[in-house]
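The values are calculated or read from the model by the stated rules, or taken from the named source; none is laboratory data. Just so it is clear, the structure is predicted and the values come from calculations on it, not from any experiment. Here the Cβ positions follow ideal geometry from the backbone for every residue, glycine too, while neighbour counts run over all protein chains shown. To get the accessible areas, we keep the full protein, side chains included, count just its heavy atoms, and leave off ligands, DNA and RNA. Shrake-Rupley method; radii C 1.70, N 1.55, O 1.52, S 1.80 Å.
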2 protein chains.
Amino acid sequence: MLIGVPLETAQGETRVAVTPETAKKLKAQGHTVKVQSGAGVAASAPDEAYTAVGAEICDRATAFGCELVLKVRSPDAQELALMKPGTTLVGMLNPFDKPGLQALASAGLTAFALEAAPRTTRAQSMDVLSSQANIGGYKAVMMAADKYQRLFPMLMTAAGTIKAARVVILGVGVAGLQAIATAKRLGAVIEASDVRPSVKEQVESLGAKFIEVPYETPEEKEAAEGVGGYARPMPQSWLDRQKVEVAKRVAQADIVISTALIPGRAAPVLVTEDMVRSMKPGSVIVDMAAGRGADGVGGNCPLTEAGKTVNKHGVTIIGETNLPALVAADSSSLYARNVLDFLKLVITKEGALHVPADDDIVLACLMAQGGELKKN
Amino acid sequence: MLIGVPLETAQGETRVAVTPETAKKLKAQGHTVKVQSGAGVAASAPDEAYTAVGAEICDRATAFGCELVLKVRSPDAQELALMKPGTTLVGMLNPFDKPGLQALASAGLTAFALEAAPRTTRAQSMDVLSSQANIGGYKAVMMAADKYQRLFPMLMTAAGTIKAARVVILGVGVAGLQAIATAKRLGAVIEASDVRPSVKEQVESLGAKFIEVPYETPEEKEAAEGVGGYARPMPQSWLDRQKVEVAKRVAQADIVISTALIPGRAAPVLVTEDMVRSMKPGSVIVDMAAGRGADGVGGNCPLTEAGKTVNKHGVTIIGETNLPALVAADSSSLYARNVLDFLKLVITKEGALHVPADDDIVLACLMAQGGELKKN
């Protein structure tokens, strides 16, 4: 099959959907891989790295003209115009963006959005949200360390002791856990919070402290312990007390990293302007939900400005919206492996495209087929 | 005594010679501390932090008009004009810059350059070269990590494994040791080299590997082992073979951090253009000797451009010349403690300035007194 790999053109996007590593594997499966010149440069993969494994370097139109196009970000209108009806597209296509998906359907594409894969064991190796959040959590800490005008580790020197940085992580999903691990590696003292008290064990296993909120009613205790192994959402009374506890820790923190995202909905406010005002001069907030707040600019903090680093009340607030793109080589490496694994589900042994009607992962990712919108 | 703390004006300088912590102590010793407005802002110490401990906020002329002026960098001509003859100045005054020192002498100052302190046990707590190199070594790794488009630690994820970064550290003084420690914290695999084989133990104690070069002659062995506990410079034959070994490791490295400085002389070339060409695309060099090479632009690598980050042969070369200034709060904190400790040697219990004639540290640091140049 002819597989095209275009250079990504979204602003700030540095990743590439196929790396020399996966190009080699696709080639070994009998496919022809056509990579747009320069597609991998920002991800430390120059054209020669692709030709060395048997891929061909081509121009933009050729890459988009292939039978199967592998991308990172959803194509814009100009890119869509370069794709023939019947083309198969795999990428991160924003499954909650109905107009965007409609455009893909109208162009006659068969389109798979990898973010929509179910979070099951079988889908883990193609879980792009996890693979990219992992890198995002690492980079969030590194950006905080870059702006923070002190060291992370405690140092005992001839000129006296330097205290370790105090880091508070809000939201302990994949990104939050990697942020804890990275800050811990650097020697920080870490506290973490989550609306699911059940993550306490994971937090502690990484050497951080879970910000605990005692249960005051049987209802709260039952919700936390769950029924049949599944925790239930915590009652509002508990969440309200948690906010008070978190605010106290944020006031003492040098670094706050907030990671709370809800798919398809606005990110919750976790760090209010009053909380920012309570922080020490020189403190740093990395808002990993930047641009996902209700207004499309803020994030978990309303003072965040998406895509910018701002100083408010003496606190630096980093609103980077695409952290994985700042670690382009490794985020591409993981993403390309995710894509490669997904392709196994939709390419037959003979090398032809086939959309199985009974595969839950394929069906969950299928956004458009035969001119028809499959989702929303 | 009236102590003045001006805002530093050298380009990129963010440090301050007195922090709220040391201002408080000077105040407790009975001195009046006058801090130029904004002097500490970049180091996370706003004016209010100084007034809170009893310091006074003043303008530039007042700060320079004090009896004792505490600075980070040597004053420029305009600043010198604000200082009265007889003023005492303490700072990093470039003890090898004869014209600069002559200007201080001509202005009638009593000037102490803290970089000139002997490297003895008693002088350790005022050793500004060590305190700042420590921070520089940390920041060098953090800058490398920022530019490097992969992760430092090894990660095992559902999408496969990410390899740990390979870091090579050239020169194992204070900066090199802290660079090893920081890269190790982040999970890198580290090799280090130094012209003194005796540092092997320190390198290994931090979890890095020393790049070993076997001794081929009794002369080499004897030089390495030393006589009476002191190692001697290694013979050229050994240094030549070391270069070959280092070149092999640099070719395999993801990150190279070079730290070799010789006080008062040009920095040696450790990473040649050929070695840069041998590195992988996306690799990063941090040249801590940037601007200290024979041409005043390069450093341990001739392709380095002081004050810039450049890409040569696919390798990012960071030529930052003032790394401690990028961690302004902690580098100021250590520097200010160095200054405070030094002042104990030149201020009597009654609070008057007194230059003892028999103190080796004071004499080593004294660059000018009574209109006379004391050094060079």
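Shielding value for A:329-338 is 5, the average number of Cβ atoms from other chains within 10 Å of each residue's Cβ.
With a length cut of 20 Å (Cα positions projected on each helix's long axis) and a Kyte-Doolittle mean of at least -0.5, go through chain A and give me the DSSP H helices that pass. TM-like helix candidates: A:128-147, A:328-346.
Specify the inter-centroid distance of segment B:172-194 and segment B:227-303, based on alpha-carbon positions, in whole Å. Here the two parts' Cα centres lie 15 Å apart. Summary for A:Val310: label point 7 Å along Cα→Cβ; distances to the equivalent points in the other copies, ascending, 3.8 nm. Summary value for segment B:288-376: 13 percent relative contact order, contacts being C-alpha pairs under 8 angstrom separated by 6+ residues. Shown here for segment B:101-151: trypsin sites (Lys or Arg not before Pro) in loop regions (DSSP other than H, G, I, E, B) with at most 15 other Cβ atoms within 10 Å, namely B:Arg119, B:Arg122. Taking Cβ atoms as reference points and 13 Å as the exclusive limit, the residues near B:Pro302 contribute a net charge of -2, counting Lys and Arg as +1 and Asp and Glu as -1.
Within the full protein context, the accessible area of A:His313 is estimated at about 80 Å² for a probe radius of 1.4 Å.
Report the one residue of B:Pro118, B:Ala105, B:Gly91 whose Cα lies farthest in the direction of the positive end of the charge dipole of segment B:75-134 (charges on C-beta: Lys and Arg +1, Asp and Glu -1; origin at the Cα centre). Looking along the dipole axis, the top candidate is B:Pro118. Segment A:314-376 and segment B:314-376 have Cα centres lying 57 Å from one another. Treating each Cα of the protein assembly as shown as an identical point scatterer and summing with the Debye formula, the log10 of I(q)/I(0) at q = 0.05, 0.06, 0.07, 0.10 Å⁻¹ comes to -0.31, -0.44, -0.59, -1.08.
The sum of -39500 (n - 2.57) across all DSSP H runs of n ≥ 4, divided by the residue count of chain A, sets its helix-only mean residue ellipticity at 222 nm to -10000 deg cm²/dmol. Extending 7 Å from the Cα toward the beta-carbon at both A:Arg119 and A:Asp358 defines two label points whose distance is 2.8 nm. Both radii are taken from the alpha-carbon atoms of chain A; with Rh as the Kirkwood radius, Rg/Rh is 1.01.
Dipole magnitude for segment A:134-321: computed about the Cα centre from +1 point charges on Lys and Arg Cβ and -1 point charges on Asp and Glu Cβ, it is near 620 debye. When B:Ile135, A:Ile262, A:Ile347 are compared by accessible area of protein heavy atoms, the largest-first order is A:Ile262, A:Ile347, B:Ile135, using a 1.4 Å probe. Note on segment A:134-321: antiparallel DSSP beta bridges, both residues inside, total approximately 30 percent of the bridges counted. The aspartates and glutamates whose alpha-carbon is closer than 15 Å to the alpha-carbon of B:Lys24, local same-chain residues fewer than 8 away aside, are B:Asp47, B:Glu48, B:Glu56, B:Asp341.
Across all C-alpha atoms in segment B:37-95, the radius of gyration and Dmax reach 12.3, 35 Å.
Stick to the Cα atoms of segment B:179-303, pair each with every other, and give me the Kirkwood hydrodynamic radius in Å at one decimal. After inverting the pairwise mean of 1/r, the radius is 15.6 Å. The alpha-carbon of A:Lys243 sits under 28 angstrom from the alpha-carbons of these lysines, leaving out residues fewer than 8 places away in its chain: A:Lys139, A:Lys147, A:Lys163, A:Lys184, A:Lys200, A:Lys209, A:Lys221, A:Lys280, A:Lys308, A:Lys312. Please enumerate, by chain and number, the lysines with C-alpha under 20 Å from the C-alpha of A:Lys27, excluding those fewer than 8 residues away in the same chain. Those lysines meeting the cut-off are A:Lys71, A:Lys344, A:Lys349. Could you run the numbers on buried accessible area between A and B, total for both chains, 1.4 angstrom probe, in Å² to the nearest 100? Buried area between the two chains comes out at roughly 3500 Å². The mean sequence separation of alpha-carbon pairs under 8 Å and at least six residues apart, normalised by the residue count of segment A:134-321, gives a relative contact order of 18 percent.
Counts of other chain beta carbons within 10 angstrom of each beta carbon in peptide A:138-150 average 5.
Pairs of Cα atoms nearer than 8 Å and 6+ residues apart set the relative contact order; for chain A it is 19 percent.
Counting Cα-Cα pairs of segment A:91-210 in 5 Å increments starting at 0 gives whole-percent bin shares of 2, 10, 16, 15, 14, 12, 10, 8, 6, 4, 2, 1, 1, 0.
For segment A:277-318, the normalised intensity computed at q = 0.24, 0.35 Å⁻¹ comes to -0.70, -1.16 (log10 of I(q)/I(0), Debye sum over alpha carbons, equal scatterers, no solvent). Using the Cβ of A:Glu48 as centre and a radius below 13 Å, the other residues enclosed give a net charge of -1, where K and R count +1 and D and E count -1.
Put a plus charge on the Cβ of each Lys and Arg, a minus charge on the Cβ of each Asp and Glu, and nothing anywhere else: the dipole of the protein assembly as shown about its Cα centre is then about 200 debye.
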